[in-house]
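Here's the structure, in structure tokens; my notes come after.
The values are calculated or read from the model by the stated rules, or taken from the named source; none is laboratory data. In this text the structure is predicted, and so the values were computed from the model without any measurement. All Cβ positions, glycine included, derive from the backbone under ideal geometry; neighbour counts span all protein chains shown. With ligands, DNA and RNA removed, areas are computed over all heavy atoms of the protein, side chains included. Shrake-Rupley method; radii C 1.70, N 1.55, O 1.52, S 1.80 Å.
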Amino acid sequence: MTLPAPSPNDPPYLKGLNPPQREAVLTTEGPVLVLAGAGTGKTAALTARLAHLVATRRAYPSEILSVTFTNKAAREMRERVGRMIGDAVEGMPWLGTFHSIGARMLRRHAELVGLQSNFTILDTDDQLRLMKQIIQAAGIDEKRWTSRTLAALIDKWKNKGLTPAEIDAGESEAFAHGKGAEIYAQYQQRLRDLNACDFGDLLMHNLTLLKTEREVLEQYQQRFRYIMVDEYQDTNTSQYLWLRLLAQARKNICCVGDDDQSIYSWRGAEVANILRFERDFPGATIIRLEQNYRSTPQILAAASGVIAQNGGRLGKTLWTEEAEGEKVRIIGVWDGPEEARRVGEEIEGLERQGIRADQVAILVRASFQTREFEDRFIQIGMPYRIVGGFRFYERAEIRDALAYLRLVNQPSDDLAFERIVNVPKRGLGDKAVEKIHRLARAEGVPLMLAAAGLIETDELTGAARKALGRFVSDLKRWRDLATTMSHAELARQILDESGYTTALQAERTAEASGRLENLQELTRAMEEYETLGAFLEHVSLVMDNDAQADEAKVTIMTIHAAKGLEFDTVFLAGWEDGLFPSQRALDEGGLASLEEERRLAYVAITRARRRCYIFHAANRRVYGQWTSSIPSRFVGEIPKETIEEETTMTGGASLWRANWSERDDPFANVARGSGRGPGWQRAQSSGGFVREPTRIVEARQSAVSLGNKGRDDLAIGMRVFHQKFGYGLVTEIEGNKLEIDFEQAGTKRVLDSFVTIAP
């Protein structure tokens with residue numbers, strides 16, 4: 001198809017589009033896949049295409065199905081199209097999210113799937129309550145197989161487009177020793193009895209309709225002359241099958257997406273959907289949007305170098321007409337606290353250059369990483385905001401843990417008592433709690449004392465009295481332990497013995513894993529304070545610090561939450577193997593997960609418009625223990641010509657110099673509080689670290705190198721010795737990184753500089 005050349009008479013929606021964008025708008029017939037790289041103006045092309053279809057009368061507004069993933073995206077598209085074609089946009093009933101369109105279709109045909117048109121859509125709480133009833137009725141141990149675990153499992157099946165009858169034995173085995181499919185069927189029947197459905201049903205029921213009711217399928221195939229899909233790389237199997245069925249008759253489907261930005265597999269997204277588009281729709285037109293309007297050439301080249309390592313991608317080359325710009329800065333620091341200090345200093349330096357804080361973002365792989373930045377910014381008075389989540393100390397699991405600690409520290413803290421008296425669930429209902437309140441008011445005593453008195457009476461049922469007695473007894477024992485045990489260790493014991501940790505582990509969800517990581521970070525943070533009281537006072541001061549709403553603030557968020565956003569300056573923290581890429585993700589998903597982690601790295605780098613900083617630390621505190629870290633493999637994949645590596649740090653930051661012996665390992669025996677190992681001395685004059693005049697250790701690339709000689713002699717199978725981990729066998733060699741199976745410590749990845757060949 002030959003497209004018309006640009007003309008002065010072109011309608012407004014075509015003006016300003018580059019040639020590929022123009023092609024995406026004007027190629028109206030047949031299947032079209034628009035591969036839109038980061039920052040290439042895909043929203044402009046998508047909305048112009050929608051306006052073009054209406055303006056040229058190829059279809060009435062009601063004959064176009066336009067699907068987005070978020071209400072915000074749908075609202076933005078409606079507003080943009082409205083500015084282009086006026087009131088005609090009001091006649092677009094099929095512009096919206098998968099769920100909103102699915103609900104609209106389902107209400108028209110509810111009777112065909114056993115529902116009435118006024119069905120209720122259950123929220124998460126109601127869904128979990130219903131699942132709990134079904135689990136209890138089936139005689140399943142809910143402590144081991146929780147309602148939240150079942151909810152996640154059924155949601156996964158629905159994302160895959162699987163009905164209870166289609167669950168095979170292997171899939172069913174995932175819940176309650178093979179009862180998964182049976183419980184799923186009971187849950188679906190209970191939903192029908194209630195004339196209700198959950199969010200997964202909004203697509204699943206529609207998929208069933210289109211598969212089993214031919215007249216319904218043909219009705220919609222004829223209605224929708226054109227189908228448009230945004231963020232196609234994020235579709236799950238159920239959404240993919242639904243779209244494919246609707247498009248089979250006319251085949252006028254245009255999908256816009258970027259396989260390099262598919263980062264939501266944990267929500268059911270299948271990158272394979274976009275990769276097989278040409279196979280699903282033979283003869284499809286593939287249009288690549290590659291001109292980037294966001295980032296500098298240096299940033300684009302760095303991101304492209306990383307993503308090029310992935311095998312499962314369609315491929316494209318981003319370019320820009322922007323000036324060359326600054327190189328990506330790779331900065332190695334000693335530990336997490338040093339990382340937060342250094343980032344704070346860099347931001348203060350940018351502010352002195354006139355760069356506003358609201359054009360600066362810190363992106364992390366895991367939410368627990370935000371804590372050290374929050375604490376540091378409170379100390380230096382730097383305003384910040386957390387996007388896509390709560391501030392660290394505002395998260396529910398952190399507030400729960402703090403309530404336990406407050407009650408141990410101060411037994412008369414009634415607010416803390418109210419929060420955790422039945423968290424996790426211990427069989428104390430509203431009536432039992434009300435009796436505690438009534439007695440406390442009558443006696444004029446704290447709730448804790450009222451509870452202790454109530455268990456000596458027959459006011460409560462036997463089960464409630466036993467549960468409350470155990471709770472009161474535990475609190476007394478923990479209070480006694482507080483005089484002999486470190487407060488951080490006490491916190492870990494409270495979380496374990498209260499059942500809080502066990503309850504989160506039983507959920508077996510990504511959300512629960514993140515909450516566990518946050519709790520581990522909380523106990524790690526406590527170690528920096530001398531007493532429990534001092535730590536709780538610090539938390540109160542942090543929570544009280546709320547900057548003015550109109551003040552420019554640094555944005556702190558996870559990389560996942562940053563997708564679709566952009567900032568002049570981006571700081572990427574914690575780029576170490578195990579943290580990023582996430583070891584948990586690699587263990588669960590292997591190569592597929594590694595490629596998704598790499599796509600996440602690509603998304604992170606391409607959020608930056610002008611400046612990108614990547615930080616990695618030589619040490620991290622994990623589960624209360626100092627662990628040596630090596631730079632993320634993604635750091636090594638960035639083209640060298642695009643980066644500027646920092647090998648020494650002066651002034652207020654760290655100067656990586658030390659006095660050490662040949663056998664010293666700076667990762668071992670790190671002194672608590674200072675965060676520094678043997679041989680490090682505080683420089684009173686500069687706030688940095690200086691050496692005694694015998695030896696210097698450079699911070700080369702991203703970790704401390706001890707300069708051992710004879711590295712070329714190392715080979716797989718060789719027995720080596722590590723000062724911290726002991727003896728082990730080398731199982732893998734990747735540059736200067738070794739994977740070693742240690743006799744006592746298990747498998748670790750370390751730098752070759754830290755081992756010696758064993759005799």
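The table that follows gives values for the structure above.
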| item | result |
| --- | --- |
| Every residue from segment 357-394 that is outside any helix (DSSP H, G or I), over 24 Å from P581 (Cβ atoms) and at pLDDT below 95 | G381, M382, P383, Y384, R385, F390, R391 |
| Residue check for K160: modelled with pLDDT of 90 or more and among the basic types (K, R) | yes |
| Segment 712-735: number of residues that are surrounded by 17 or more Cβ atoms within 10 Å (Cβ to Cβ) and either small (G, A, S) or closer than 21 Å to V635 by Cβ (or both) | 1 |
| Within segment 564-592, tally of residues that are part of a helix (DSSP H, G or I) and either at positive phi or without any contact (Cβ under 8 Å) to a residue 24 or more places away in the chain (or both) | 7 |
| Where G312 falls short, out of the listed (1) farther than 27 Å from E596 by Cβ; (2) surrounded by fewer than 23 Cβ atoms within 10 Å (Cβ to Cβ); (3) not β-branched (V, I, T) | (1) |
| Pair list, Cβ under 9 Å, 6 or more apart: segment 196-215 residue under 12 Å from L115 (Cα atoms), other residue open to solvent by less than 10 Å² (accessible area, probe 1.4 Å) and basic (K, R) | D201/K158 |
| Residues (in a loop (DSSP other than H, G, I, E, B) and either open to solvent by less than 20 Å² (accessible area, probe 1.4 Å) or of a type in the set (G, A, S) (or both)) located in segment 19-54 | T27, T28, G30, P31, G37, A38, G39, T40, G41 |
| Candidates R477, R492, filtered to the one that is at pLDDT 90 or above, more than 28 Å from the chain's Cα centre (by Cα) and assigned to a helix (DSSP H, G or I) | R477 |
| Boolean, A269 is touching a helix residue (DSSP H, G or I) at 6+ places or on another chain (Cβ under 6 Å), within 17 Å of G312 (Cβ to Cβ), small (G, A, S) and in a loop (DSSP other than H, G, I, E, B) | yes |
| Matching entry among S100, S172 (being modelled with pLDDT under 90 and of a type outside the set (A, V, I, L, M)) | S172 |
| Flag for I380 being open to solvent by less than 40 Å² (accessible area, probe 1.4 Å) and over 15 Å from E521 (Cα atoms) | no |
| D125, sole failed condition from (1) farther than 29 Å from Q233 by Cα; (2) touching an Asp or Glu at 6+ places or on another chain (Cβ under 7 Å) | (2) |
| Listing of helices (runs of 4 or more DSSP H) fully contained in segment 169-218 that carry 2 or more residues being of a type in the set (F, W, Y) | 180-193 |
| Search result, residues across segment 408-449 that are touching a Leu at 6+ places or on another chain (Cβ under 6 Å), within 27 Å of L504 (Cα to Cα), open to solvent by less than 40 Å² (accessible area, probe 1.4 Å) and in a helix (DSSP H, G or I) | A416, F417, A432 |
| Looking only at segment 248-295, and only at residues there that are of a type in the set (S, T, Y) and crowded, with 23+ Cβ neighbours inside 10 Å, the one that is farthest from E321 (Cα to Cα) | S262 |
| Near pairs, Cβ below 7 angstrom, 6+ apart or cross-chain, from segment 239-266 (at positive phi) to any residue that is surrounded by fewer than 18 Cβ atoms within 10 Å (Cβ to Cβ) | K251/G30 |
| Some residue of segment 598-608 being under 26 Å from L495 (Cα atoms) and touching a residue at least 12 places away in the same chain (Cβ under 8 Å) | no |
| Complete set of residues in segment 55-78 that are open to solvent by less than 20 Å² (accessible area, probe 1.4 Å) and not in a helix (DSSP H, G or I) | A59, I64, L65, S66, V67, T68 |
| Hey, L289 of a type in the set (A, V, I, L, M, F, W, C) and within 23 Å of the chain's Cα centre (by Cα) or not | no |
| Candidate set: segment 81-108, residues that are among the hydrophobic types (A, V, I, L, M, F, W, C) and open to solvent by 10 Å² or more (accessible area, probe 1.4 Å); chosen: the one nearest to F119 (Cα to Cα) | A103 |
| Any hit, segment 454-477, residues being crowded, with 20+ Cβ neighbours inside 10 Å, without any contact (Cβ under 8 Å) to a residue 24 or more places away in the chain, of a type in the set (A, V, I, L, M) and touching a His at 6+ places or on another chain (Cβ under 9 Å) | no |
| Selected residue (criterion: modelled with the lowest pLDDT) from residues of segment 553-563 that are part of a helix (DSSP H, G or I) and open to solvent by less than 20 Å² (accessible area, probe 1.4 Å) | A562 |
| Selection status of V343, under 24 Å from the mean Cα position of the chain (by Cα), of a type in the set (V, I, T), buried (at least 19 other Cβ atoms within 10 Å of the Cβ) and modelled with pLDDT under 95 | no |
| Tally, over segment 303-361, of residues that are under 25 Å from A617 (Cβ atoms), small (G, A, S) and in contact with a strand residue (DSSP E or B) (Cβ under 7 Å, 6 or more places away or on another chain) | 4 |
| Residue within segment 140-151 that is hydrophobic (A, V, I, L, M, F, W, C), open to solvent by 80 Å² or more (accessible area, probe 1.4 Å) and at pLDDT below 90 present | no |
| Candidates A176, A181 - the one that is in contact with a Pro (Cβ under 7 Å, 6 or more places away or on another chain) and closer than 22 Å to A506 by Cα | A181 |
| Residue match in segment 391-400 (condition: crowded, with 17+ Cβ neighbours inside 10 Å and within 19 Å of R479 (Cβ to Cβ)) | yes |
